[in-house]
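Worksheet: the structure to be examined is printed underneath.
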Amino acid sequence: VPEAIGHPPFTFGSESSTSGRLMPEHFIKEATGLTPAEFFSTPFGFSGSHDKTVELVEAGRFETGVVNYKVYERRVKDGTTDPETCKVIWKTPFYADYNFTAHPDLETLFGAGFTGKLQDALVAIDDTALLDALPRENLIPARNVEFDGIEAVARELGMLR
């Protein structure tokens, strides 16, 4: 984390967002040894969403903020964000994010093997209009174990009830 963001006002996205708060908070602590409350010399905020974070930084309400890169790239591509005004200064390391989750009861409701069929159908989506709405280029299979790291971080930061 660059030292320059230790002093100006900073905003996370939604308080409950994985990419707008949970993982960035973890990586700030990992990189600096300090919690965000200790690291930032002024109280940080919560914008409520990735788009709002970008808008608040562009407007000068906050000098820095954390935003999902897909949202940032979409906004730059469609011209709603000027990358010279709102610059990327740091990228978090990779982590698993965004998923479709199916409750085990679906197997009882719709029959054995339903969850696998649902996953196959989602992974097979190639309609660009549907994928753009997510926004994703494609969907890939995922397993619960891939999200164990996020759960561990949430527990470490006291964010699980």
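Yes or no: region 114-122 includes at least one residue that is closer than 28 Å to residue 30 by Cβ, open to solvent by 70 Å² or more (accessible area, probe 1.4 Å) and either without any contact (Cβ under 8 Å) to a residue 60 or more places away in the chain or not in a loop (DSSP other than H, G, I, E, B) (or both). No; the residues of region 114-122 include none that is closer than 28 Å to residue 30 by Cβ, open to solvent by 70 Å² or more (accessible area, probe 1.4 Å) and either without any contact (Cβ under 8 Å) to a residue 60 or more places away in the chain or not in a loop (DSSP other than H, G, I, E, B) (or both).
Just checking, which of 48, 60, 65, 111 is farther than 21 Å from residue 14 by Cα and either open to solvent by less than 60 Å² (accessible area, probe 1.4 Å) or touching a helix residue (DSSP H, G or I) at 6+ places or on another chain (Cβ under 8 Å) (or both)?
111
There is at least one residue in region 127-134 that is touching a Leu at 6+ places or on another chain (Cβ under 9 Å) and at pLDDT below 90.
Checking the conditions here, which among 71, 67, 57, 145 is assigned to a helix (DSSP H, G or I) and either farther than 30 Å from residue 30 by Cβ or within 14 Å of the chain's Cα centre (by Cα) (or both)?
Details: 67 fails: assigned to a helix (DSSP H, G or I); 57 fails: either farther than 30 Å from residue 30 by Cβ or within 14 Å of the chain's Cα centre (by Cα) (or both); 145 fails: either farther than 30 Å from residue 30 by Cβ or within 14 Å of the chain's Cα centre (by Cα) (or both).
When all the criteria are applied, what remains is 71.
Across region 84-113, the number of residues qualifying as β-branched (Val, Ile, Thr) and not in a loop (DSSP other than H, G, I, E, B) comes to 1. Does region 23-41 hold any residues that are assigned to a helix (DSSP H, G or I), closer than 13 Å to residue 12 by Cβ and either touching a Phe, Trp or Tyr at 6+ places or on another chain (Cβ under 7 Å) or open to solvent by less than 40 Å² (accessible area, probe 1.4 Å) (or both), and which are they? Scanning region 23-41 gives 23, 24, 25, 26, 27, 28, 36, 39.
In region 131-149, the condition of being farther than 27 Å from residue 74 by Cα, touching a helix residue (DSSP H, G or I) at 6+ places or on another chain (Cβ under 6 Å) and exposed (fewer than 14 other Cβ atoms within 10 Å of the Cβ) is met by no residue. Considering only region 20-55, state which residues are of a type in the set (Asp, Glu) and under 18 Å from residue 97 (Cβ atoms). 25, 30, 51 - these are the residues of region 20-55 that are of a type in the set (Asp, Glu) and under 18 Å from residue 97 (Cβ atoms).
The values are calculated or read from the model by the stated rules, or taken from the named source; none is laboratory data. All figures in this text were calculated on a predicted structure; none of them were measured in a lab. Note that each Cβ is placed from the backbone with ideal geometry, even for glycine, and that neighbours are counted across all protein chains shown. These accessible areas exclude ligands, DNA and RNA; they are computed on the full protein's heavy atoms, side chains included. Shrake-Rupley method; radii C 1.70, N 1.55, O 1.52, S 1.80 Å.
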